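The values are calculated or read from the model by the stated rules, or taken from the named source; none is laboratory data. These numbers come from a predicted model, not from an experiment. Note: ideal-geometry Cβ built from the backbone for every residue, glycine included; neighbour counts use all protein chains shown.
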Ligand SMILES: [Zn+2]
């Protein structure tokens, strides 16, 4: 849902906004919930049915937004303001907002969407919790997981993009307020397609299957794998399907990679034991695309100076 802006004038504007623009709009939440519905495990289906019967996840997806005015203490639960300069999420820094004007902020140390997802997950899975509490937890979860997938629900700059004016498909005025980046993501992009909810869901399902996105990435693109080098790393080194291993790290690690991958006649690109230097002259910049630079640094020049006019021009 739309966040409060920092100026009085902006707050007035936001109060005048039509309800269709308040949200990862209702359509967005229903679309996310519909996609989730078709991917429930058999156990999850049984558990959900025991709480909400035959109602769909889409039908409860906007409950948390609808009840927000009456439950002011839930206002900040829909997003998390991670500073742009931060390297990641910090519970202490990002989820305690004592200066927020909303109810309970002075005492709520879990005043953000990340913590609230965890809290409601626990309630939902707690068989000792009351049925009403578990139903409410499910409604919050369906909504918040949708919210947190709107990128501007996770960044602290310009009130999550609400303060960044944009031209949205040729217009600068969105209803009674100037178009802004947060709103474009919430609703503008979806509404521009002129697809109804079910049509949009069908469109996305087709994209997911056509582009083989079931695992979250297109075919052939790797994911981050979390684990110790002695387990994940060794498996990758030994896997002969991976013909090229590129790695950055210590010299000791590089020797190990060279030994294992070399023994199976694989190839390696190693950047070891220090930092690279990259020098691009003024003349070269217009020939160098940023992607080339990122791709080349650490890969092509293990310990030297990259001459873009020679390598990339
Ligand atoms: Zn929300």
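Structure above, values below:
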item	result
Single match in 106, 55, 61, 42 (criterion: touching a helix residue (DSSP H, G or I) at 6+ places or on another chain (Cβ under 6 Å) and either closer than 26 Å to residue 158 by Cβ or in the same structural domain as residue 144 (by TED's automatic domain parsing) (or both))	61
Residue within segment 85-105 that is under 19 Å from residue 133 (Cβ atoms) and within 12 Å of the ligand (Cβ to nearest atom) present	no
Subset of segment 246-270 that is assigned to a loop (DSSP other than H, G, I, E, B) and touching a residue at least 12 places away in the same chain (Cβ under 8 Å) - its residue that is nearest to residue 229 (Cα to Cα)	250
Test: residue in segment 74-84 that is under 28 Å from residue 46 (Cα atoms), touching a residue at least 40 places away in the same chain (Cβ under 8 Å) and touching a helix residue (DSSP H, G or I) at 6+ places or on another chain (Cβ under 8 Å)	yes
Enumeration of residues in segment 148-180 that are within 16 Å of the ligand (Cβ to nearest atom) and touching a helix residue (DSSP H, G or I) at 6+ places or on another chain (Cβ under 7 Å)	148, 149, 150, 151, 152, 153, 160, 161, 162
Count of segment 52-65 residues which are over 12 Å from residue 201 (Cβ atoms) and either at pLDDT below 95 or outside any loop (DSSP other than H, G, I, E, B) (or both)	6
Residue 183 vs. criteria touching a helix residue (DSSP H, G or I) at 6+ places or on another chain (Cβ under 6 Å), farther than 13 Å from residue 30 by Cα and either at pLDDT below 90 or assigned by TED's automatic domain parsing to the domain that holds residue 152 (or both)	yes
Evaluation of residue 95 against (1) touching a helix residue (DSSP H, G or I) at 6+ places or on another chain (Cβ under 6 Å); (2) within 13 Å of residue 143 (Cα to Cα) (one fails), failing number	(2)
Every residue from segment 38-51 that is surrounded by fewer than 17 Cβ atoms within 10 Å (Cβ to Cβ) and assigned to a helix (DSSP H, G or I)	42, 43, 44, 45, 46, 47, 49, 50
Test set (1) crowded, with 20+ Cβ neighbours inside 10 Å; (2) within 16 Å of the ligand (Cβ to nearest atom); (3) farther than 18 Å from residue 47 by Cα - residue 67 fails condition number	(1)
